[in-house]
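A short write-up of the structure that comes next.
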């Protein structure tokens, strides 16, 4: 008799969509996990003979997918959810968000807002977030407490806030946070200059130098609105992307957030520099920024991941919604019903995001050797029947409320629809206090 291999966990769903190889759906396969790593993906009948598992999880009506990667968010801004709806971007920033931030944003605000966001993201199957906000150490503390993977942005702008006095101060404090948390295996750090209209050439050149020295990604809003582009032409004599290219920013594998207004030359330029786009379709619609040319990006070889943006401009941290909106907008925007199909949308929400973050050797697909960041989605509800194609159902039928189990590094973070965090019940009273402060401030304006 052959000896069995001992593993920590054996998950046996009805379907597995590994993302790698592309377009594949496996039926009656199991995923074996040991030491937080995926050991094997194989037929369930083979797995039952091959492995002796400390824990077996049978999911007979579920599809197992890689953990979702939120390629752009402002987690702490979840505390601003619904505070200023139905405004265009610059009015939203100047009349509502920036004044509210000036009054309230502090380390405690960021920690509580990030905890609230992390719980929401876990409940929707998001296991990794690319974060951009102030007080990065407080955000890191929150993600570490929840046990969620994150790329923490070292946000930089050229004007003072409650967090920092000037660009040098932002960079110094961001690097201090990086040094403090560098030993945490779930946390990494990226440079996050806010946008071309808030960061000077000198600051951007410094960030390029540091990004190369530290081998850190760069994450920046770019070409979000036509107004941004027109103002850049008036101020600098060129479009924002051309300015960034001259400064060397595209040589950092830039994650270009929004990138709604790109021409063919700009798409080709980003692709040639191995940059990525963090496509935020819901936020782009809500702020009336436009429809990003996603089909054209994909056709020209430009990597596209998906982000939620912040809950203040979405108002959900929901990558199921983003997959659906991305697929539908790609079709209506291009006039091609085959554009950005279900498997492409799922890849954008998983592996493409991991590639953009330089984490694709670790996460993004259900592949032997990678970290066991896994999500189980129940397709048992009546409204999910019949199911001819589970990948199609994930994008066009199911919602985040069907996520039942989440594992990060092989550790359960959500079990049978409940987030496994001891202080979950203590968070909402603090959120209500912040809501009271914010409401009083809004009334006093």
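The values are calculated or read from the model by the stated rules, or taken from the named source; none is laboratory data. These figures come from a predicted structure and were not determined experimentally. A quick note on method: Cβ atoms are made from the backbone with ideal geometry, for glycine too, and the neighbour counts reach across all protein chains shown.
Observations on the model:
- Any chance residue 48 is outside the structural domain of residue 130 (by TED's automatic domain parsing) and either at pLDDT below 95 or surrounded by fewer than 24 Cβ atoms within 10 Å (Cβ to Cβ) (or both): yes
- Hey, residue 13 at pLDDT 95 or above and in a loop (DSSP other than H, G, I, E, B) or not: no
- Residue identified as surrounded by fewer than 24 Cβ atoms within 10 Å (Cβ to Cβ), within 27 Å of residue 250 (Cα to Cα) and free of Cβ contacts under 8 Å to residues at least 60 places away in the same chain among 134, 159: 159
- Candidates 87, 116, 122 - the one that is more than 19 Å from residue 155 (Cα to Cα) and part of a loop (DSSP other than H, G, I, E, B): 87
- Some residue of segment 62-77 being crowded, with 23+ Cβ neighbours inside 10 Å and without any contact (Cβ under 8 Å) to a residue 24 or more places away in the chain: no
- The residues in segment 60-74 that are closer than 16 Å to residue 408 by Cβ and not in a strand (DSSP E or B) can be counted, and the count is 1.
- Of all residues making up segment 196-211, the number that are under 23 Å from residue 355 (Cβ atoms) and either outside the structural domain of residue 249 (by TED's automatic domain parsing) or under 23 Å from the mean Cα position of the chain (by Cα) (or both): 3
- Residue 328, sole failed condition from (1) farther than 14 Å from residue 294 by Cα; (2) surrounded by fewer than 18 Cβ atoms within 10 Å (Cβ to Cβ): (1)
Residues are listed down the side, and each one gets a yes or a no for (1) touching a residue at least 60 places away in the same chain (Cβ under 8 Å); (2) touching a strand residue (DSSP E or B) at 6+ places or on another chain (Cβ under 7 Å); (3) outside any loop (DSSP other than H, G, I, E, B):
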site: 3; (1), (2), (3): no, no, no
site: 9; (1), (2), (3): yes, yes, yes
site: 18; (1), (2), (3): yes, yes, no
site: 24; (1), (2), (3): no, no, no
site: 33; (1), (2), (3): yes, yes, yes
site: 38; (1), (2), (3): yes, yes, yes
site: 54; (1), (2), (3): no, yes, yes
site: 58; (1), (2), (3): no, yes, yes
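- Residues in segment 218-237 that are part of a loop (DSSP other than H, G, I, E, B) and in contact with a helix residue (DSSP H, G or I) (Cβ under 7 Å, 6 or more places away or on another chain) were compared, and the one that is farthest from residue 355 (Cα to Cα) is 225.
- Residue 389 vs. criteria more than 30 Å from residue 219 (Cβ to Cβ) and surrounded by 14 or more Cβ atoms within 10 Å (Cβ to Cβ): yes
- When residue 352 is tested against (1) touching a residue at least 60 places away in the same chain (Cβ under 8 Å); (2) within 22 Å of residue 115 (Cα to Cα); (3) in contact with a strand residue (DSSP E or B) (Cβ under 8 Å, 6 or more places away or on another chain), exactly one condition is not met: (2).
- Among the residues of segment 159-170, those identified as in a helix (DSSP H, G or I) and out of contact with any helix residue (DSSP H, G or I) (no Cβ under 7 Å at 6 or more places or on another chain) are 168, 169, 170.
- Any hit, segment 49-58, residues being farther than 30 Å from residue 194 by Cα and within 28 Å of the chain's Cα centre (by Cα): yes
- Any chance residue 395 is surrounded by fewer than 13 Cβ atoms within 10 Å (Cβ to Cβ) and either assigned to a loop (DSSP other than H, G, I, E, B) or not assigned by TED's automatic domain parsing to the domain that holds residue 145 (or both): no
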